[in-house]
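**Student:** Questions regarding the structure given below will be posed in turn.
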Amino acid sequence: MTIPPNADDLPSRYDPAQADAPLYEAWESSGVFGVTPDSSKRAGGTADPFVIVMPPPNVTGVLHMGHGLNNSVQDVLMRWRRMSGDAALWLPGTDHAGIATQNVVERQLAVEGKTRQDLGRDAFLDEVRTFVAEKGGVILRQLRAIGASCDWKRTAYTFSPELSRAVREIFVRWYEDGLIYRGHRVTHWCSRCLTALSDEEAESHPAQGLMYHVRYALASDAARGIIVATTRPETMFGDVAIAVHPEDSRYAGMVGKQVINPANGAKIPVIADSYVEREFGTGALKITPAHDANDFEVGKRHKLKMPIILSPEGFVVEGTDAAGRVPAEYVGLERFDARKRVAKELERSGALVKSEQHHHSVRKCYRCDTVVEPRLSDQWFVKMAPLAAPALQAVKDGRVRILPERWEAVYVNWMENIRDWNISRQIWWGHRVPVFYCQSPATGCPAHFASRDDAPACPACGGATRQDEDVLDTWFSSQLWPFSTLGWPDKTPDLAAFYPTDVLVTAPEILFFWVARMIMSGMYVTRSTDNPDGVAPFHSVYLHGTARDAQHRRMSKSLGNGIDPLDVVDAYGADALRWTVIAGMGLGSDLLLDHENIEQSFAPGRNFATKLWNIGRFLLLQVGTVPVRSLSDISDAELAPADHWILGRIDAAIAAADTALGPARPADGNAWRPDELRQGLRLDEYAEAARAFVWNDLADWYLEHAKTRLQPGHAEREVTRALLVHAFDRALRLLHPVMPFVTESLWKKLPGRDRSELLARASWPAADRRSAGAAADEFDAARSAISAIREIRSDYAVPAGQIVQAALSGTAPLRSAAAAREAAFIARVARCELVAEAAVPPGAAARRVLAGGVEVVVSLEGVVDLGRERDKLSAELDQLQTQLDALRVRLANEKFTSKAPAAIVEAERTKEREWATRAAQLVAKLTALGGA
RNA sequence: GGGCGGUUAGCUCAGUUGGUUAGAGCGCCACGUUGACAUCGUGGAGGUCACAAGUUCGAGUCUUGUACCGCCCA
C-alpha cells in the first residue's frame, strides 16, 4: 500500500520560484526539445515536421515584454505540435544587429573620448566582438526562464561563419543574376550613424515646422519673380533650377528664363516638368537634385548639375559639384543652424515673402532618431520587382497566409509598389559587401565583380583586388534566416527535413523589413525547373500586437512604462506571465498591461495556476497514489451521469482547443483552402476553452460531485478516482502549452505516473467519445436544480448557513427523477433538504420552472415575501409573454413561414410550444400564490 | 495625398454562411470561510451593438452615407 501524500507535502500554493527552474532543467536534459531530421516525413521519418524559426533578437539585447509576448506565442504552438506528435523544431538564435550594436559600442568609446575612426576598422571590430562575447546571448538564457522550448543545440547567429557564407552566396547569385547593382542616387542618410539607410529604416514622424515662401527674382527683370515654398531653405545652396508644370499658364512666360537664387546669387533656369503639381503650394518647385529624391529624378531628366552642399555629418560644405555655391560665412554651419541663418538672411534681403506653420512629416533614423538627410551617394541596391512578383502571388494564392487578414492587404499594397532596396551601409559591423575592384584596372578588367572568396584575383588581368568598404544591411542576413539556419547553401539533412517551415510569429512592424524579404529570398533560393516560383519559407505569418500600457502607449524605455518580464517571472511565475499574454491577446489586438498595476495584470494567471494546483492537491489527497483503473477498463454501466457529463465536457474542451489552435498546416499541403485560410491561431480562445473546462466544469461541478463518491468504502470510489485522474490528466495536457511549469509539476504527481515521464512529451488529448448524451443530460438537470435553489436563496437572502426545504417535480418526469437521483449532491451543495412537493407549504414557497422541464420549489416559511415572489414571477412572465407574442407574430406572418428556411420555421414552432408551456406553468404558480 | 481597419457592458474584446433571449475575462455590488483553493465560493447589476438611410419575412452581421478613432505607405 502506497502511503498517500499528506497535506504538509503539498502547500496550498504553487511556488514557481522554487519549482520552475528544476522543471526546465529536466526538460532540457531529457532532450525533449531536440529533434533530428530523420524523424521528419520529408527525410524518411514518420512525423509531420512543424518548424518555427524564432525572430532573432539582437545579440546584445535583453528580454523585454515584446520578446515575452512573441516567444510565448511561439512556445504555445511548439508545445502543442510537439505533443501532437510532430517532428517539432523551434530554432533559436540572435541577430548581429549591425547599426544597433555598432552604436552601443561607439557610445562606450565616446565615454573614453574615442571614436571608431581613432581605433581603425580592425581594432574597432575586435572591440565589438569582445562586447558581443561578453554581453551577447543573455537573452537566450532569459528565454529559458519563461519556458521557451527551443532546440538550443541549433542556436544560430546571423554573423556566424556558416550564416555569413549564406549571405555571400545569395549576394553573388543575385549579383550574377543582375539583381544587385550599384546605384548613384539620393538615399536616406543618417548624419549621426554616418550611413545610408533603406526606405524602411527611415521612419516617418509627424512634425510641425515652418514653410518658407521664398521669391526668386527673374535675372532679366527683378520686378518679376517666382515664389517657391520650402521647409529646408538651407538646401537652397544646392538649387540648380526652378521647376513648374509645362501647362501652368501662370509661369508660361518664364520657362527657359533665368532666376536668381537669393541664397547665393547664382543664376538658375526655370524649367518645365510634369512632375510638378500645379495645385500644390505655389505650383513652383526649387530643384535640389543632390538632396531630394524627387528633385534628383527631375535633375536627371534635365541633365542638371547635382551639387552636394552638406557633409556626411550634416554640416554645410562645398561638396562635389558645389564649388562657388556656398557663401563663405555658411561653410561649417550645422544644418539646422544654417536653416535659421538662411531664413534670417532671406528675411533681411526681402526675399522671404512669408513663413508659416506647417504640418508635415520628417523621416528619422530608426536606430538613433536623428532626422535623416536625403543625400546623393553611390550605394548597392537589390532590384526588387522580379523577386516580389512570385512572393506577391504566393500570398494571393493562399500558399502563404497573413493573419490577421488586414495585414495581408498591407503586404499586397507594399509589394505592388515595391522600390529597390539599398543594402549597403557605411558602417563596419556587419557582412562586408563581397564586391571586389581590380587594384590596377587595365582594359578589359571589370569595374567590379562579386566573389564567394576573400581576396580573389581580378578575373581579367589576374591582378590584386580590393574589397568594397561597405557592409550589408543587417536585414540582408536575417532575410535568409529560415534556410541559412538549416545549412543552406549546402543540401543538408536539416534543410531537406525542415524547409519550408510552418508559422512565422512576429510583430507587424517588421512585415517589410523582414517577413516580405524572407518570402522573396526563400522562394528565390528554392526555385527549380519543376517549381519556377520556388517554395515560400512558411505557410502562415502570425502578426501579433504590441505591448502597451494602460493609456495605450507603446511600452518603451524612454517612456519608462515598460514591465520587465523577468520581474513578472520572479513575482508571479512564468506560467502567470504566459497566461496573461496568451489569454489577454486576441488575434491581432494589442496587449494592454498597466505598468502601475502589475498585480491587476498578472494576478489572473497566477490565480489560475493556484486553482490548478489546488485541484491537484485535492485530487492527490483524496485519490492517493495507488494507480487507478484505466478508462477503457470501465464499462458504461459503471459510469454515473456525472461521469458521462465530465467525459462530454472533456471532449468538448478538446474540440474547442483544437478548433481554436488549428489547423497546423494546409490540408492539401500546398495552399490554404478558402475555408481554412482564416482558421486557427486563436490562442486566447484556446486558453479560455481550457480554463473554462478546468474551472467551470471540472472544479466547480465534477470535483464537488466527487467528494461524496470518494469517501472510503463508497461503492463508486474506484470509478470516481479513475475518472478524476483521467479528467485532470486531460486538463493538464490541454493546458501544458500555455502553462508548462505548473502542469508538468502536477502531472508527474498523478497516481501511477513514472517520475521520469514528462508531460512535455506526452500526447495531445483526443476525444474519447465515451459520453452518452442522455446520461450527461441527467446530470445537467441536477445542475440546473442546484443553480435554481441557489438563486432563490440569494434572492431571499437566506443566510448561508441555513438549510432550506426543497422539492423537485415537473412536467418532464425523467429529468426530475434524474435530478432526484442526485438528491444527496443537490442537498449538499445547495444546502437544502429535499422533501416531497406536498410537504412544502404552498403559500410560502419560491418556484422556478427550468428549461429542462424540472420544477423547483423551495420552502421559505418565515423567509419568503409573498409579494416579492409574485412580482418576480410576474416580471418573468411579462418578459416571456413579450417574447412569445413577438414569436407568434412572426409565425403568423405568411411571408416568414413561406420565405424562411423550413428548419428555421420549425425551430421557431418548437420554441413557441416550449415557451407556451413555461408561460402556463408560471401562470399556475402565480395563481397559486394568489396573484393575477 | 494613396491603401486598410475599427466604433458592441465601466475597461479590454468575442460574436461563424443574416435567424430574432448579443457573450467572455477583468472590474463593480451583495452574501459567505461548508475539510482542495479567500490567489476562493455563491448570487447579482450592467448593452436602444457610434449615427442616419437602405436591402430583407428577419440586420450587431449586408449596402450607402456621416462622425470619430487607429494602422501602413508617401
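The values are calculated or read from the model by the stated rules, or taken from the named source; none is laboratory data. These numbers come from a predicted model, not from an experiment. Cβ placement follows ideal geometry from the backbone for every residue including glycine, while neighbour counts extend to all protein chains displayed. With ligands, DNA and RNA removed, areas are computed over all heavy atoms of the protein, side chains included. Shrake-Rupley method; radii C 1.70, N 1.55, O 1.52, S 1.80 Å.
**Student:** Go through the range A:231-275 and report how many residues are of a type in the set (V, I, T), buried (at least 23 other Cβ atoms within 10 Å of the Cβ) and not in a helix (DSSP H, G or I).
**Tutor:** Counting residues in the range A:231-275 that are of a type in the set (V, I, T), buried (at least 23 other Cβ atoms within 10 Å of the Cβ) and not in a helix (DSSP H, G or I) gives 4.
**Student:** Run down A:H552, A:H595 and say which single residue is part of a loop (DSSP other than H, G, I, E, B) and open to solvent by 50 Å² or more (accessible area, probe 1.4 Å).
**Tutor:** After ruling out the rest, the residue left standing is A:H552.
**Student:** If you don't mind, there's one more thing I want to ask. Restricting the range A:657-676 to residues that are in a helix (DSSP H, G or I) and open to solvent by 10 Å² or more (accessible area, probe 1.4 Å), which is nearest to RNA strand B (Cβ to nearest atom)?
**Tutor:** Going through the qualifying residues, I end up with A:T659.
**Student:** Scan the range A:678-706 and report the pairs whose first residue is open to solvent by 50 Å² or more (accessible area, probe 1.4 Å) and whose second residue is part of a loop (DSSP other than H, G, I, E, B), with Cβ atoms within less than 6 Å and a gap of 6+ or a chain change.
**Tutor:** Going by the 6 Å Cβ cut-off, the qualifying pairs are A:R682/A:L587.
**Student:** Given the conditions (1) on the phi < 0 side of the Ramachandran plot; (2) not in a strand (DSSP E or B), report the number of the one that A:V228 does not fulfil.
**Tutor:** Of everything listed in (1) on the phi < 0 side of the Ramachandran plot; (2) not in a strand (DSSP E or B), A:V228 misses just condition (2).
**Student:** Please verify whether A:R348 is open to solvent by 40 Å² or more (accessible area, probe 1.4 Å) and in a loop (DSSP other than H, G, I, E, B), treating the condition exactly as stated.
**Tutor:** So A:R348 does not fit the description; no.
**Student:** Which pairs do you get when a residue that is closer than 14 Å to A:P307 by Cβ, found in the range A:258-281, comes within reach of a residue that is open to solvent by 80 Å² or more (accessible area, probe 1.4 Å) and basic (K, R), reach meaning Cβ atoms under 8 angstrom, with the pair 6+ apart or on two chains?
**Tutor:** The qualifying pairs are A:N261/A:K267.
**Student:** Quick test for you: out of A:L559, A:L612, A:L621, pick the one residue that is outside any helix (DSSP H, G or I) and either open to solvent by 60 Å² or more (accessible area, probe 1.4 Å) or near RNA strand B (Cβ under 9 Å from one of its atoms) (or both).
**Tutor:** On the way: A:L612 fails: outside any helix (DSSP H, G or I); A:L621 fails: outside any helix (DSSP H, G or I).
One residue alone meets the criteria, A:L559.
**Student:** Condition check: of a type in the set (F, W, Y) and either outside the structural domain of A:A687 (by TED's automatic domain parsing) or within 30 Å of A:V400 (Cβ to Cβ) (or both). Does A:W672 satisfy that?
**Tutor:** Spelling it out, A:W672 is indeed of a type in the set (F, W, Y) and either outside the structural domain of A:A687 (by TED's automatic domain parsing) or within 30 Å of A:V400 (Cβ to Cβ) (or both).
Okay, residues lined up against (1) away from RNA strand B (no atom under 15 Å from the Cβ); (2) in contact (Cβ under 8 Å) with a residue 40 or more places away in the chain:
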| site | (1), (2) |
| --- | --- |
| A:R770 | yes, yes |
| A:A775 | yes, yes |
| A:D780 | no, yes |
| A:A788 | no, yes |
| A:S809 | yes, yes |
| A:A817 | yes, no |
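**Student:** If I ask for residues that are of a type in the set (K, R) and either surrounded by fewer than 20 Cβ atoms within 10 Å (Cβ to Cβ) or not assigned by TED's automatic domain parsing to the domain that holds A:A217 (or both), which ones from the range A:276-323 would you list?
**Tutor:** Scanning the range A:276-323 gives A:R278, A:K300, A:R301, A:K303, A:K305.
**Student:** When you go through A:W414, A:W407, A:W428, A:W421 one by one, which is the residue that is open to solvent by 40 Å² or more (accessible area, probe 1.4 Å) and either among the basic types (K, R) or over 24 Å from the mean Cα position of the chain (by Cα) (or both)?
**Tutor:** Answer to the check: A:W428.
**Student:** Go through the range A:635-656 and count every residue that is outside any helix (DSSP H, G or I) and open to solvent by less than 20 Å² (accessible area, probe 1.4 Å).
**Tutor:** Pass one, the range A:635-656, residues outside any helix (DSSP H, G or I): A:635, A:639-640.
Checking the rest, the ones that are also open to solvent by less than 20 Å² (accessible area, probe 1.4 Å) come to A:639-640.
Qualifying residue count, the range A:635-656: 2.
**Student:** A further question follows. Among the residues of the range A:15-43, how many are under 17 Å from A:R761 (Cβ atoms) and acidic (D, E)?
**Tutor:** Residues in the range A:15-43 being under 17 Å from A:R761 (Cβ atoms) and acidic (D, E): 2 in total.
**Student:** May I ask you to list the residues in the range A:366-394 that are under 30 Å from A:R678 (Cα atoms) and touching a residue at least 60 places away in the same chain (Cβ under 8 Å)?
**Tutor:** We begin by selecting, within the range A:366-394, every residue under 30 Å from A:R678 (Cα atoms); these are A:384-394.
Selection gives A:M384, A:P386, A:L387, A:A388, A:P390, A:A391, A:Q393, A:A394.
**Student:** Filter the range A:104-124 for residues that are among the aliphatic types (A, V, I, L, M) and over 23 Å from A:V62 (Cβ atoms) and give the result.
**Tutor:** The answer is A:L119, A:A123.
**Student:** Among the candidates A:T506, A:T501, A:T492, single out the residue that is within 16 Å of RNA strand B (Cβ to nearest atom) and either on the phi < 0 side of the Ramachandran plot or among the acidic types (D, E) (or both). Before you say what the answer is, go through the steps one by one.
**Tutor:** Details: A:T501 fails: within 16 Å of RNA strand B (Cβ to nearest atom); A:T492 fails: within 16 Å of RNA strand B (Cβ to nearest atom).
Among A:T506, A:T501, A:T492, only A:T506 is within 16 Å of RNA strand B (Cβ to nearest atom) and either on the phi < 0 side of the Ramachandran plot or among the acidic types (D, E) (or both).
**Student:** Could you check how many residues of the range A:188-204 are open to solvent by less than 10 Å² (accessible area, probe 1.4 Å) and over 9 Å from A:V371 (Cα atoms)?
**Tutor:** Qualifying residue count, the range A:188-204: 6.
**Student:** Here's something else I'd like to know. Out of everything in the range A:195-215 that is under 30 Å from A:F513 (Cβ atoms) and among the hydroxyl-bearing types (S, T, Y), what residue ends up being nearest to RNA strand B (Cβ to nearest atom)?
**Tutor:** Among those residues, the one meeting the criterion is A:S204.
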